[in-house]
Every structure is written in C-alpha cells, then in structure tokens.
Amino acid sequence: MDATYIQESIEQLKTNIFMHVRHRTLLQYTGEPVLDENQLFYLLMPFLNGEKWNEQIHKSAITVGIVHASLSEHDKIDETNATSKEQQLTVLSGDYYSGRYYEILAQAGNIPLIKQLSEGIAVRCEHQIKVYEVNSLTLDNWYESISVVKTELIKRFYQVYGFEQYSTFMHTSLLLIQLQKELRNLQHGNKSLILEKMVESAAKEGQPLELLLQQKIDVLNDLLHEYLRSSTIKDELKLYIEQQISS
Amino acid sequence: MEKMKLKLLYSDLKADIDIIEKELEIALNSSSQLINDASLHLLQAGGKRIRPVFVLISAKFGQYNIDQVKNIAVPLELIHSASLVHDDVIDDSDLRRGRHTVKAQWNNRVAMYTGDFIFARALEYVTSIENPRVHQILAKTMVEICNGEVIQIEDKFRSNQNIKDYFRRIKRKTALLIESSCELGAVVSGLDDKNVRHLKQFGYFVGMSYQIVDDILDFTATDKELGKPAGSDLLQGNITLPILLLKDHPTISKFIELAANGEVTEQQRLEMLSIVRKSDAIKQSINVSNHYLRKALKEVDALPNHPMKKKLRDIALFIGKRKF
C-alpha cells in the first residue's frame, strides 16, 4: 500500500457514493455531491489498516458519505434568498440524499446504523445552528462545535463496527485540518459566521483570534504527532496523515 | 372551525392523539434553544394531524397497542413537519396557517438545520421498530416524496403539462405519505397482507382527494381562511387541476406568463380568482376528487367488519367535502 493506493480507495468510495445518489435533474442543476476527502479517508482508515471489512461495512461507509453530502447541500442555502431554481433544488438534493441513505440502510436491515446516524445528525444540527443563537460561547466551545460537525458521523460509524481505536486520530486530525482552513480564511479576509463568532470569543479572552488559532493548531499538531509516534497503525497511513495536515 | 369538526370526528381517539402530541414534543426536545424555539413554533401552529390519525385507525384493524403504534405515528408526523419547514424555504413562504414560517421568523439556514434535525429525530424515533419492512416502506416514501418535489419544480410554470403530470405530482407530494400512514399503521399492528393492501389503497385514494381539495381551496377560500393570499399556488408556478382545466382560457394563460415573470398585480390576482371561481373548473375538479373518494370508500367496504370502518368513511368524506 502506498499513497496512490490510498487515493484510489478514496476515489473508489467517492464513485460509489455518486452512483448511489445519482439523480438526473439534481445532477443537472446542483452538480455532484460535495465530499470531503479527508473525511472519506477516515471512513476507510480501518479498512486501509487491515481491519476486518466486508460488503456491509463498505456499504455503511458509503451511507455515511451520503449523509455528509446531504448536510453539505443544506450548508449551501443562502440565508435570505433561496428562490432560484438551483437553490430550490439544492434544498431537495439534501433531502433526497438523506432519503437515499435511509433507503440503502433500510434495504440492508441495518437499523443500528440508522439509529446511530440519525442521532449523530441531530447532534450535528444542534452544533451547526449555534452560530445563529444569541450566546456567549468560548473559543473552546466553538472548537468543539467544529469538531462535532466534522467528526460526529464518522464517530458513530466507528462505534457500530468497533473501530473506536481510530477515533482519536480522526478527531484530532479533522479538527486540525478545519482550524488550518479557518486560519487561512481569517488571514485572507474571507468572512464567515463562525469566524465572526470566534473573533468575538477571542476578543473576550483578550487576544487576537489569529494568535489563539495558531496556538490551538500547534497544540493539535503536537498531539497528533505524539499519537502517530506511539501508534501501531501502518506507516503508509501515518505518512498520509502527515501529508494531510501539512498540505 | 373545520379543524374543530375534524377533532370531533376522532374524539374517541383523543387519549391516543394526546399521547402522540406529547411524544412529538419529547421527540423535538433539543439541547439547542433555537431548535427548541423553532420546533415549538412549528408544533404550536398545529395542523390536523391527519397522518397520525390514519396510522391509529389503520392499526385498530389489527393487534392495537398504542406503545407500538406511536413509534410510527410520531415519525410520520415529524417527517411531514420537517418537509413543510424545507418547503417554505423552497416556496419562499413567510406564512403558514396564519403564522410566520421558521424561515421567516429566523432565516433559511435555520430552517434547513431545523428541518434536518426533525428528519433525524423522526428516523431516530422509528428505529425502535426493528421490522425492516417498516423502514423500507418509510424510506421509499421519503425518497419518492422528494422526487415529487423535484418534479414540481421542473413543472413550475410549464404550460404544456397535462392532467397526468398533475396526478403524478400530487401522488408523490401528498398521497404517498397518507398511503404509507395507513399501510404502516396496519403493518405494525400485524394485519394480514390483503387488508394491509386495502388500507394502503384507501390512503392513496384519500390522499389524492385531499390534495385536489386543497388545490381547489387555494382558489375558493379566502386569504384569511388560508392564512396566505388565495391563488398562491399559481403565483408560485404550481399549475393545479382547476388551472389545467382552464389553461386555454386567454386570461389564465396570460396570467401564467405574468406570474412566471413575477409581474402580477393585486388586481390581476383578484381577476384570476374571479374567473376560476366562476368557471366550471372548480366543479369538474370536485368531481375528480369525488371519484377518488368513491374509490377510497370501496376499499373501506372490502375491509372486515370493524367499528373503525365508519370512522374511516367519515374522515374520508370530511376530507373530501371540507370547505376549508
């Protein structure tokens, strides 16, 4: 196994996900579903590390990808104006993907995963909506919300199949990657609601967000490298993770 | 008023409907204050709870146990509610049942997350049922409803559509969820396949009639009764049965063009309403609705003798004849 094999496995998973949610009209107006390769990597990590893997688990990984795609569609909806045909169909593509994940798992009789994923979606929504709440959250609260949004569903997938030993890697790495993105956005002046909220929280802590974000990134980086040093996962996976966080 | 009449019709189910209402509140309880507010806002807006009622009545034909039956009645109502929250974003609707929609009260994104949360809670709730058949029926219904909504958007302002297109659309938009409510109520109470089929078909026919009546009322009811301007369906490009029956009318076809360009004045809306109300299209649409009602009642006749047969008939007739 090398980086090419890992990349091909991710591409294959992507293709499988696309196949399961293919819809002529939605494809025409909303394009292919948005998938995060870093998340897909962590869905496949137990397989790539040689854990027992079968058709059912692979199908389950596909459905987790579909749920991510579904929720990503709804992140694209404009806050004030969703009247264009593209926006209307984006609402529906999210709902359609959501129905498809349920349909696939229902066909397979995989009720435990339906339960875990639906619980996970509800928790994720509770965190996603926080940016619209009147609240005074600390920066750590925002880190937690970002982490839940990125990792909750993969965590649930791990729980169902006994892959919890990968959770620490997955949590640390996906949070780190997202915070790196947020830092870049901040530095480039790209605005978002979560950044605005984090700026407010940082101000309450009496420090600029850029500095605090960089400190958090450094802590997570050190932590992840510590995990990598002490972990027995395959070296190729360690290398891939290192590339992920340095790119 | 009509909602009160309906409540009277199923007054002997009140204890179980109250259980469903309580469970709806419990299911929507969230750690997020905003989701709680938005969900409560939605629950307080009420609704006829037709889907849970059909689940309960259908289940009465089998081994009725409210603790089991609620596990499908609650999710069906939640799925219906979640789809309304998202529909209001799609339709850019500020009012529903005379109240502000979630998207109007907060914003589109809050509506998306609230809807997703409610969908998720519906599925979480239904996982207390282990029978895969229940999940397969429900999942297929959810996907088909979505397909119906996609078709509805594709068909918006499309003047060359026909009545078959309309039936295909309303089947998915409304009839399927009512059909599934009846079918699933029967399945969870262990009814035999033949009678499950009769109840399923009953739900489908009633659902078709229900939507046709809804589409008629959009023209014949007042703005106040509707809680939104009469004729809103057409203003949004949804060409429903009364309009399909009138589409060769020069003023109506001109109106569709104007609506497509968002250029309808209040006077033109009132003129359109007047034409539709005075036309034969309303009467013809009522006839089509009645045709589906008769088919529904035939399915009731085929069911074994049971006190709930009368209830099914009464509710079907109420739905088909409602003035609002």
- Pick out, from B:Thr141, B:Ile275, B:Ser39, the residue whose Cα sits farthest towards the positive end of the charge dipole of chain B, with +1 on the Cβ of Lys and Arg and -1 on the Cβ of Asp and Glu. B:Ile275
- Query: Magnitude of the Cβ-charge dipole of the stretch B:1-89, K/R +1 and D/E -1, about the Cα centre, nearest 20 debye?
  - Reply: 340
- Restraint check, B:Lys171/B:Lys321; A:Lys85/B:Lys48; A:Lys59/B:Lys171, Cα-Cα greater than 25 Å: A:Lys85/B:Lys48; A:Lys59/B:Lys171
- Message: Could you tell me how far the Cα centroid of the stretch B:122-196 sits from the Cα centroid of the stretch A:112-132, in Å?
- Response: 24
- Query: If you take the charge dipole of the protein assembly as shown about its Cα centre, with +1 on Lys and Arg Cβ and -1 on Asp and Glu Cβ, which of A:Leu209, A:Leu228, B:Phe61 is farthest toward its positive end?
  - Reply: B:Phe61
- Item | Lysine-lysine proximity count for the stretch B:62-168, Cα under 26 Å, sequence distance 8 or more or distinct chains | 5
- Message: So if each residue of separation counts as 0.36 nm, and I subtract the Cα-Cα distance between B:Glu154 and B:Leu270, what length gain in nm does that give?
- Response: 39.1 nm
- With Rh as the Kirkwood radius over Cα pairs, the stretch B:149-249 has Rg/Rh of 1.07
- Using modelled amide H (1.01 Å from N, peptide plane; none on Pro or chain starts), what sits under 5 Å from the amide H of B:Leu95, excluding residues fewer than 5 places away? B:Thr101
- Query: What do the square roots of 5 times the Cα gyration tensor eigenvalues come to for the stretch B:2-321, in whole Å, largest first, as semi-axes of the equivalent ellipsoid?
  - Reply: 32, 24, 17
- Message: Pick from B:Glu179, B:Glu149, B:Glu266 the residue whose mean-square fluctuation is largest in a GNM of chain B, springs joining Cα atoms under 10 Å.
- Response: B:Glu266
- Query: If you stretched the chain out fully between A:Thr4 and A:Ser230, how much longer would it get, using 0.36 nm times the residue separation minus the C-alpha to C-alpha distance?
  - Reply: 78.9 nm
- Note on the structure: Given unit charges at Cβ for Lys, Arg (+) and Asp, Glu (-), the dipole magnitude of the stretch A:3-246 about its Cα centre in debye, nearest 20, is 460
- Query: What is the pair-distance distribution P(r) of the stretch A:1-101, computed from all Cα-Cα distances in 5 Å bins starting at 0, with each bin given as a whole percent?
  - Reply: 2, 13, 23, 21, 16, 11, 7, 4, 2, 0
- Message: Give me the extension gain from A:Glu32 to A:Gln243: residue separation times 0.36 nm, minus the current Cα-Cα distance, reported in nm with one decimal.
- Response: 73.4 nm
- Size of electric dipole in chain B: Cβ of Lys, Arg +1 and of Asp, Glu -1, about Cα centre, debye, nearest 20: 1080
- Normalised alpha carbon radius of gyration of the stretch A:113-233 [divisor 2.2 N^0.38 Å]: 1.14
- Note on the structure: Rounded to a whole %, the carbon-and-sulfur portion of the accessible area of the stretch B:2-321 at a 1.4 Å probe is 49
- √(5λ) per eigenvalue of the Cα gyration tensor, the stretch B:107-163, largest first, Å: 29, 19, 5
- Message: Beyond 15 Å, how much of the Cα-Cα pair distribution for the stretch B:215-291 remains, as a whole percent?
- Response: 50
- Task: Would you mind pulling out the separation of the Cα centroids of the stretch A:2-34 and the stretch B:198-258, in Å?
- Result: 39
- A:Lys181, B:Lys298, B:Lys278, reordered so the largest accessible area comes first (probe 1.4 Å): B:Lys278, B:Lys298, A:Lys181
- Query: Short version: which residues of the stretch B:29-57 lose at least 40 Å² of accessible area, all chains versus chain alone, 1.4 Å probe?
  - Reply: B:Leu34
- Item | Where B:Arg97, B:Arg294 fall by accessible area, highest first, once all protein chains stay in place (1.4 Å) | B:Arg294, B:Arg97
- Over all distinct Cα pairs, what is the inverse of the mean 1/r for chain A, reported as the Kirkwood hydrodynamic radius in Å? 19.1
- Once Rh for the stretch B:176-324 is found with the Kirkwood sum over Cα pairs, what is the Stokes-Einstein diffusion coefficient at 4 °C and 1.567 mPa s, in µm²/s? 77
- Euclidean distance of C-alpha centroids, the stretch A:170-229 and the stretch B:266-324, integer Å: 59
- When the Kirkwood hydrodynamic radius is evaluated over all pairs of different C-alpha atoms of the stretch A:57-178, what value in angstrom, to one decimal, is obtained? 15.5
- Kirkwood Rh for the protein assembly as shown from C-alpha pairs, in Å, is 25.4
- Note on the structure: Loop-resident GluC sites (Glu not before Pro) in the stretch B:1-110 with no more than 13 other Cβ atoms inside 10 Å, DSSP not H/G/I/E/B, are none
- Among chymotrypsin sites (Phe, Trp or Tyr not before Pro) in the stretch B:47-124, those in a DSSP loop whose Cβ has at most 11 other Cβ atoms within 10 Å are none
- What is the Cα coordinate range of the stretch B:276-324 on the first, second and third principal axes, sorted by size from largest, in whole angstrom? 43, 19, 6
- Using Cα pairs under 8 angstrom and six or more residues apart, how large is the relative contact order of the stretch B:2-321, in percent? 19
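The values are calculated or read from the model by the stated rules, or taken from the named source; none is laboratory data. Note that this is a predicted model, so its numbers are computed, not measured. Here Cβ is always computed from backbone atoms with ideal geometry, including for glycine, and neighbour counts include all displayed protein chains. SASA here: full protein model, heavy atoms, side chains in, ligands and nucleic acids out. Shrake-Rupley method; radii C 1.70, N 1.55, O 1.52, S 1.80 Å.
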